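Q: What follows is a structure written as structure tokens; I'll ask about it next.
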Amino acid sequence: MKMTPVIAVHLACAAGAFFLGPVAILARWRRPPHPRIHRAFGYAWVTLMIMTGLSALFIRDHAMPNVAGYTWIHLLVPVSWAAMFLAFRFLLRGQIAAHQGTMVGTYVGACLVTGAFTLLPGRYLGDLIWVR
């Protein structure tokens with residue numbers, strides 16, 4: 001696999017989400033909280049996550065075990081989108097603790113855990129880092 005425009009967009013959006021997520025989370029946890037920063041970075045993070053998932057749907061890997069080019073990691077796209085939908089639903093219902101837990105869990109699962117999987121040998125980014 002080589003760097004394509006879709007992979008570049010995917011990588012840029014994922015990296016942006018990786019770095020913006022903690023800002024959104026910590027803006028609310030700080031004392032005093034900063035709701036405008038939290039909301040602005042939160043919306044930016046959600047937008048980047050949607051773009052990351054959308055671009056992932058156009059990235060296919062036929063070298064790994066797959067179904068029509070989609071590997072097991074592609075299953076995390078609908079999972080992360082569903083989690084963000086639920087988080088906004090919790091927010092609209094005033095269930096702030098559930099919103100907070102869902103968003104932090106989505107960040108950990110979608111950015112940290114999935115990001116770690118992309119660094120495995122045999123994955124594009126992993127091969128860029130580990131294979132010389």
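The values are calculated or read from the model by the stated rules, or taken from the named source; none is laboratory data. Predicted, not measured: the structure shown is a model, and the values here were computed from it. Counting neighbours? That spans all protein chains shown, and the Cβs are built from the backbone with ideal geometry, glycine included. Each accessible area value is taken on the protein alone, full model and side chains, heavy atoms only, with ligands, DNA and RNA left out. Shrake-Rupley method; radii C 1.70, N 1.55, O 1.52, S 1.80 Å.
Q: Only one of (1) closer than 18 Å to ILE7 by Cβ; (2) surrounded by fewer than 17 Cβ atoms within 10 Å (Cβ to Cβ); (3) of a type outside the set (Phe, Trp, Tyr) fails for THR47. Which number is that?
A: (1)
Q: If you don't mind, there's one more thing I want to ask. Take HIS38 and tell me if it is touching a Lys or Arg at 6+ places or on another chain (Cβ under 7 Å) and either of a type in the set (D, E, K, R) or free of Cβ contacts under 8 Å to residues at least 40 places away in the same chain (or both).
A: Yes: the conditions hold for HIS38.
Q: Something else now. In the list ARG28, ARG39, ARG123, which residue meets the criterion of being open to solvent by less than 50 Å² (accessible area, probe 1.4 Å) and basic (Lys, Arg)?
A: That would be ARG123, the only listed residue that is open to solvent by less than 50 Å² (accessible area, probe 1.4 Å) and basic (Lys, Arg).
Each row is one residue, and each column tells you yes or no for (1) at pLDDT 90 or above; (2) touching a helix residue (DSSP H, G or I) at 6+ places or on another chain (Cβ under 9 Å).
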residue	(1), (2)
ALA68	no, no
ALA87	yes, yes
VAL104	yes, yes
ALA110	yes, yes
ARG123	no, yes
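Q: OK, next. Among the residues of the range 50-103 satisfying the criterion of being of a type in the set (D, E, K, R) and out of contact with any Gly (no Cβ under 6 Å at 6 or more places or on another chain), which is least open to solvent (accessible area, probe 1.4 Å)?
A: Checking each candidate, the answer is ASP61.
Q: Further, regarding this structure: If I go through the range 1-10 residue by residue, how many of them are in a helix (DSSP H, G or I), out of contact with any Ser or Thr (no Cβ under 6 Å at 6 or more places or on another chain) and surrounded by fewer than 17 Cβ atoms within 10 Å (Cβ to Cβ)?
A: Of the residues in the range 1-10, 2 are in a helix (DSSP H, G or I), out of contact with any Ser or Thr (no Cβ under 6 Å at 6 or more places or on another chain) and surrounded by fewer than 17 Cβ atoms within 10 Å (Cβ to Cβ).
Q: Need pairs with beta-carbon distance below 7 Å; first residue under 14 Å from TYR107 (Cα atoms) and within the range 66-93, second not in a helix (DSSP H, G or I); sequence gap 6+ or separate chains.
A: Cβ pairs passing all conditions: VAL77/LEU57.
Q: Okay, next question. Looking only at the range 5-35, which residues are in contact (Cβ under 8 Å) with a residue 40 or more places away in the chain and closer than 25 Å to ILE59 by Cβ?
A: VAL6, ILE7, VAL9, HIS10, LEU11, CYS13, ALA14, ALA17, PHE18, GLY21
Q: Within the range 111-120, how many residues are in a helix (DSSP H, G or I), of a type outside the set (Phe, Trp, Tyr) and open to solvent by 60 Å² or more (accessible area, probe 1.4 Å)? Can you show your working first?
A: Of the range 111-120, the ones in a helix (DSSP H, G or I) are 111-118.
After this cut, where a residue has to be of a type outside the set (Phe, Trp, Tyr) as well, the list is 111-116, 118.
Among the residues that remain, those that are also open to solvent by 60 Å² or more (accessible area, probe 1.4 Å) are: 112-113.
Adding up the residues that qualify gives 2.
Q: Residues of the range 94-111 being touching a residue at least 60 places away in the same chain (Cβ under 8 Å) and within 12 Å of the chain's Cα centre (by Cα), which ones?
A: The answer is MET103, VAL104, TYR107, ALA110, CYS111.
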